[in-house]
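Q: Dropping a structure here in structure tokens format, bear with me for questions.
The values are calculated or read from the model by the stated rules, or taken from the named source; none is laboratory data. Given the structure is predicted, the values throughout are model-derived calculations rather than measurements. Note: areas computed on protein heavy atoms with side chains; ligands, DNA, RNA excluded. Shrake-Rupley method; radii C 1.70, N 1.55, O 1.52, S 1.80 Å.
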Amino acid sequence: MSNLAIAPSILAADFSRLGDLVREVEKGGANRIHVDVMDGHFVPNLSMGAVVVHGLRPVTSLPLEVHLMVEHPSLFLEGFVKAGADSFIFHIEVQANPLPLIRSIRAMGKRVGLAINPATPPESLTPYLTEIDLALCMTVWPGFGGQAFLPNSPERIQKLAGLIQQHNPRCELEVDGGVDFKTAPLCVSAGANVLVAGTAIFAAAEGPEAATRRLTELTPK
Ligand code: DX5
Ligand code: ZN
């Protein structure tokens, strides 16, 4: 049985058809839905808030994973929890000591992940790996969908995979940005086991359901 998880990023979806598109990726075998939240400060773009999670909650039984690309993640947790979020990922770059926030997310009964930007060394996550459920390696600079996968990403993923193996093998390793049918296998062989894909799924000529299904068929090393 494959332990690869596919997390379609709805940032790339047509928002006028969001509910239907989420149903399609669910049929295609998606394992969770990735919700990209941007504040215009941590990243130079705005995206969506808790209302979108609230709207999707009755549409899908998949976990809703909230990727907080924001300067002040603690401000938004309660709203997203009330809306029905299942897990939170925040960036280590905004939190000198991420432990209190990790623990408050846990205390709300939610799963927690820590993300690193392309210039942040994977080793910066080491002290927290035993405390988190997921480590997210950004494979583009966050802020926009549809960007090209950064070529040094496999090296960074591999480094992070080694640290996870050493400190907390149950921690998931997620990759996010420019993940498509060409780059996904590189991520998987470097040790990633959760793939976020926006454009590759929602802009696929074959449609989101078939594209999701094809991604689920990739096998981890
Ligand atoms: C980037 C977001 C990603 C993005 C992925 O800021 O965190 O989740 O939507 O989109 P694609 O797959 O199009 O690069
Ligand atoms: Zn994301």
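Q: Could you provide, to the nearest whole Å², the per residue accessible area of the chain with probe 1.4 Å? Please list the in-between numbers first.
A: Working: 9510 Å² over 221 residues.
Accessible area per residue, the chain: 43 Å².
Q: What full-extension length gain, to one decimal in nm, is calculated for LEU18 and MET108 as 0.36 nm per residue of separation minus the Cα-Cα distance?
A: 29.7 nm
Q: Comparing ALA115, ALA83, ALA197, which has the greatest mean-square fluctuation in the GNM of the chain with Cα pairs linked when under 10 Å apart?
A: Looking only at ALA115, ALA83, ALA197, the largest GNM fluctuation is found for ALA83.
Q: Mind ranking SER16, SER9, SER74 by accessible surface for me, highest first, 1.4 Å probe?
A: SER16, SER74, SER9
Q: GLU206 to SER124: extension gain in nm, 0.36 nm per residue of separation minus the Cα-Cα distance? Before the final figure, lay out each step's value.
A: Values: separation 82, 0.36 × 82 = 29.52 nm, distance 3.93 nm.
Gain in length upon complete extension: 25.6 nm.
Q: Starting from the coordinates of the alpha-carbon atoms of the range 1-53, obtain the Kirkwood hydrodynamic radius over all distinct pairs and give the value in Å to one decimal.
A: On the way: mean 1/r = 0.0809 Å⁻¹.
Mean inverse Cα-Cα distance, inverted, gives 12.4 Å.
Q: Take the Cα gyration tensor of the chain, multiply each eigenvalue by 5, square-root it, and list the three semi-axes largest first, rounded to whole angstrom.
A: The equivalent ellipsoid of the chain has semi-axes of 23, 21, 16 Å.
Q: Tell me, what % of the accessible area of the range 16-109 is carbon and sulfur with a 1.4 angstrom probe? Working shown, then result.
A: Values: 2300 of 4130 Å².
C and S fraction of accessible area: 56 percent.
Q: Report the accessible area of MET138, computed with a 1.4 Å probe over the heavy atoms of all protein chains in place, in Å² rounded to the nearest 10.
A: Its accessible surface works out to 10 Å², give or take rounding.
Q: Could you work out which residue, out of LEU75, LEU186, LEU129, moves most in a Gaussian network model of the chain, that is, has the largest mean-square fluctuation with Cα springs under 10 Å?
A: LEU75
Q: Could you sort out which of LYS159/LYS182; LYS27/LYS159; LYS82/LYS182 sit more than 32 Å apart by Cα distance in this structure?
A: Over 32 Å apart, Cα to Cα: LYS27/LYS159; LYS82/LYS182.
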